[in-house]
Amino acid sequence: MMPHHSVKENLEHVRGQITAMADHLSEMIMDSVEGAVTNDPVRLNAVIARDLQVDQLESEATTITFNTIVLHAPAGKQARMLAAGLLVVSELENAANDVVKLAKRARKIGTRMPEELGPPLGALAEGVVQMLHHTLDLLDNYSEEKCVAFIESDSLIDQGYKAARNRVIQMADEGLKFDREMLRMVEMFHALEHVADHLVEIARRIRLLHVNNG
């Protein structure tokens with residue numbers, strides 16, 4: 001049974017869970033890409049296993065939030081912060097699932113990962129991790145200007161994914177057999193693009209909370 005902490009204490013605890021989830025997600029993203037580029041199945045398996053920790057954090061944060069609502073019936077700013085926390089942990093957990101998909105596809109590709117795709121995959125991963133840091137900043141230090149700029153910045157991730165996809169198709173046109181492994185290469189880039197989509201959804205929902213309660 002959860003101790004009867006104050007709403008403020010529970011909000012701080014959930015915020016800590018969010019930070020921990022984001023830290024795991026950031027490292028999972030970079031480790032999955034490093035494992036893909038270097039053909040390191042041990043690193044990729046570690047990424048997949050780490051998802052359990054993200055799931056646990058999401059479950060704990062969700063339980064604390066619902067118990068806080070039931071026990072304290074918070075209103076106003078505290079209620080908005082609890083709502084924001086729920087959507088953030090849900091989207092971060094979904095983002096981690098996409099990183100696991102990336103790691104699994106990389107594990108299946110193995111040594112067939114073309115060397116030239118390593119740099120763009122790494123650059124896309126770094127861009128997504130930067131978006132993750134900006135997402136947490138919006139949660140703590142919201143401004144309409146920053147939020148709009150953040151949402152619009154997602155177009156850069158989309159462009160990176162499309163460029164990589166087009167390059168894979170071009171490689172097939174140049175004679176490289178387009179098979180299941182080639183499709184998995186595209187899916188790895190797509191997984192990162194999906195992570196960015198989850199982060200943008202967080203920003204949009206945070207913005208909605210602020211607009212409706214401004």
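All of the numbers you see were taken from the coordinates with simple rules; none came from a lab. Fair warning: this is a prediction, and the values are worked out from it, not measured in the lab. FYI the Cβ positions are ideal-geometry reconstructions off the backbone, even for glycines, and counts take in every protein chain you see.
Annotations
- Rounded D (µm²/s) - the range 19-58, Kirkwood Rh over Cα pairs, Stokes-Einstein at 37 °C, 0.692 mPa s: 325 µm²/s
- Annotated for the range 94-208: lysine pairs at least 8 residues apart or interchain, Cα distance under 27 Å, count 8.
- Check: the range 7-212 dipole with +1 on Lys, Arg Cβ and -1 on Asp, Glu Cβ, in debye: 380 debye
- Taking the inverse of the mean reciprocal distance over all distinct Cα pairs, the Kirkwood hydrodynamic radius of the range 147-214 comes to 13.7 Å.
- Volume per residue that the Cα convex hull of the range 30-80 spans, once the total is divided by residue count, Å³: 65 Å³
- Between residue 72 and residue 173, the modelled label-to-label distance comes to 5.8 nm, taking each label 7 Å out from Cα in the direction of the beta carbon.
- What the Kirkwood sum gives for the range 1-118 is a hydrodynamic radius of 15.5 Å, with every pair of different alpha carbons counted.
- For the range 7-212, diffusion coefficient by Stokes-Einstein and Kirkwood Rh (Cα), 4 °C, 1.567 mPa s, µm²/s: 73 µm²/s
- Considering only 138, 199, 71, the Gaussian network model of the chain with Cα springs below 10 Å gives its largest mean-square fluctuation to 71.
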